[in-house]
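The values are calculated or read from the model by the stated rules, or taken from the named source; none is laboratory data. Note that the coordinates shown come from a computational prediction; the quantities given were computed from them, not determined experimentally. As a convention, Cβ positions derive from the backbone with ideal geometry for all residues, glycine included, and neighbour counts pool all protein chains shown. To get the accessible areas, we keep the full protein, side chains included, count just its heavy atoms, and leave off ligands, DNA and RNA. Shrake-Rupley method; radii C 1.70, N 1.55, O 1.52, S 1.80 Å.
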Amino acid sequence: LARLNSDGSVDSWNPAMDGNGIYALLESGGNIVASGDFTAIGGAARQRIAALDKVDGTATAWNPGVDGLVFAMVQVGNQIYVGGGFSQIGGVSRNHLAVIDAVTGLIGAWNPEVDTGVRAMAIKGDRVFIGGSFTSVGGVNQFGFAAVSLTTGASILEIPSASSVHTIAIIGNTVFLGGDFTWVGDQPRRFLAAMDASSGLVLPWNPNPSFFVHALLAANETVYAGGRFESIGGQPRGMLAAIDASSGALSSWNPNLSGLLGRSHTVRALALSAGTLYAGGNFRSVGTHSRPGIAGIAADTGTVRALPDYVGVGLVGAQI
């Protein structure tokens, strides 16, 4: 876990965690909430989730503790919704989905009861869209993708099955989902699809990447997609592409990420700040520039920004 300055240099902020990795980051009330595979961070014992001071990186008193990994977090008001591979959080039984008070760390009564892991979450109005490899929500059959009421915790839309969903993004009333599926309901959609947020209907939008999509970011009527693909819509795009949110047409924007032969290359996380798209994942270069693990790319031109080298970056937090 590290913090970079806008020129790509690493600053002094250093929570000094143990364990094997960070899976999600969230800015909350002047702190950074981090989840990952750790038992100590910021100078304190913390079980897989912690709030860190933005100035000095020390852990705050906020301390829910969780018995499994948290892969996704979103905040609404003073409530932090978390999804992952856990069965208990803050000493309370919660299967894979829960809500935590952002101030006290207490677990709320909201309890959708998902049968297996949640990988992605996105808020739209009074509901949270969740993705993963689950087969039921609240005892109702729901495969890989669901819309859950933020009030009752019930599944509130008939959403078509999507096998395994890794990432979700929303523009207006359109929900975009990426993963390793090849169908959404009865519609053929390879690894990337869109649905109407109100009706749950699958939309005609169909960029058709050649392989898995692991990260989506939606901004300014553009959907940025990152993953293990080498082409989209029949055009070459190495791991990263920009797609029109309405038509599904591929933009000419093409940074062209690549990696070492024989490795599983992918983009796993995307963040946008001040006109720069940041990508993290398992890659070695962007165009002709060496960028192991992390890169900053101009969102309009595709020009590569200066950044130091990192190896094995799996997550870039949202603009914090």
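For the reader, a short list of remarks on this structure follows.
- Some residue of the range 240-253 being in contact (Cβ under 8 Å) with a residue 60 or more places away in the chain, among the small types (Gly, Ala, Ser) and open to solvent by less than 60 Å² (accessible area, probe 1.4 Å): yes
- Hits in the range 109-141 (condition: more than 14 Å from Tyr81 (Cβ to Cβ) and among the acidic types (Asp, Glu)): Glu113, Asp115
- Criterion violated by Phe212 - all others in (1) open to solvent by 50 Å² or more (accessible area, probe 1.4 Å); (2) aromatic (Phe, Trp, Tyr); (3) within 20 Å of the chain's Cα centre (by Cα) satisfied: (1)
- Consider the range 156-195 and keep the residues that are open to solvent by 40 Å² or more (accessible area, probe 1.4 Å) and among the charged types (D, E, K, R). The one that is farthest from the chain's Cα centre (by Cα) is Asp186.
- For first residues located in the range 68-83 and within 16 Å of Ile107 (Cβ to Cβ) and open to solvent by less than 40 Å² (accessible area, probe 1.4 Å), partners that are among the acidic types (Asp, Glu) and part of a strand (DSSP E or B) and lie 6+ apart or on another chain with Cβ distances below 8 Å form the pairs Ile80/Asp101.
- Options Asp18, Asp7, Asp56, Asp115; residue that is open to solvent by 50 Å² or more (accessible area, probe 1.4 Å) and in contact (Cβ under 8 Å) with a residue 60 or more places away in the chain: Asp7
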